[in-house]
Amino acid sequence: MGAGHGHRLYFHGHSAVHRAPSHLKLLALLAFMLLVVATPRQVPWLYAVEAGVLVSVVLLSRVPLTYLLPRMVVELPFVVFAVLVPFISHGPRTEVLGVTVSEPGLHAGAALLVKGTLGVLGSLTLAATTEPQDLLRGLQRLRMPDLIVQIMGFMIRYLDVVTAELGRMMTALRSRGCDPRSPRHWPVLARSLGALFIRSYERGERVHLAMLSRGYDGRLPSVSSGVEDR
């Protein structure tokens, strides 16, 4: 990645969590996620222990909860699904707040909500305490295939570029009286997103040709070195 291309989830700090080797943090997150997924829903106190461990890491990292909680909005689709599970599941019925729901569905939805929340918070904590280039170096130390690491590096490098281009396209649409939120203008929005995909694909081809002209042989000198946007 080029210099100055961090990510918006990173919270600058000097805590022990920030200084920990990235590959160890990746392994710790993987182990934590496997433990959370494997936790049986019949033992709810284990969720409290796992949540306590995760909150302790967050406090040790000195990343404010007010910084992490707004970014957990990405969990919203899972929350909606977890809320719907008790209503669409079969089995014995029970009453909650005056509403009759499926008892197995209620337990399944609660477990899904807790596991999803712990997973999202753990991932955000990793992202908030680790620079993108350090994550890529950690993946390399864990023997992740070079091609996958390169793809992830370029994805991070050009995410801001594509996002900025999308913002300019939305500004141009609004300046022409098109409201992207209106169903009446969704066909125009769909065509604009298609054009953005084509532009991104063509940009990728140009970048690849530029890499080949500079002697690219399938490996980059370093994950921290970027390719100039052409």
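Taking the longest Cα principal axis of the chain as reference, the axis of helix 22-38 is set at about 30 degrees. Solvent-accessible surface of region 17-131, taken per residue with a 1.4 Å probe and all protein chains present: 57 Å².
In degrees, nearest 10, range 0 to 90: what is the angle between the Cα axis of helix 146-175 and the longest Cα principal axis of the chain? Compared with the principal axis, the helix lies near 90 degrees.
Within region 17-131, the ratio Rg/Rh, alpha carbon atoms throughout and Rh by Kirkwood, equals 1.04. Shape call for the chain from the C-alpha gyration tensor, a ≥ b ≥ c root eigenvalues: rounded (a/c under 1.5), prolate (a/b greater than b/c) or oblate? Note, shape of the chain comes out oblate. If the segment from H185 to R141 were pulled out straight at 0.36 nm per residue, it would be longer than the present Cα-Cα gap by 11.1 nm.
Translational diffusion of region 137-194, estimated by Stokes-Einstein from the Kirkwood radius over alpha carbon pairs at 4 °C in a medium of 1.567 mPa s, is 94 µm² per second. For region 108-230, the gyration tensor built on C-alpha atoms gives an oblate shape. Its axis ratio a/c (a ≥ b ≥ c) is at least 1.5, and a/b is not larger than b/c.
The values are calculated or read from the model by the stated rules, or taken from the named source; none is laboratory data. These numbers come from a predicted model, not from an experiment. Heavy atoms of the whole protein, side chains included, go into the accessibility calculation; ligands, DNA and RNA do not. Shrake-Rupley method; radii C 1.70, N 1.55, O 1.52, S 1.80 Å.
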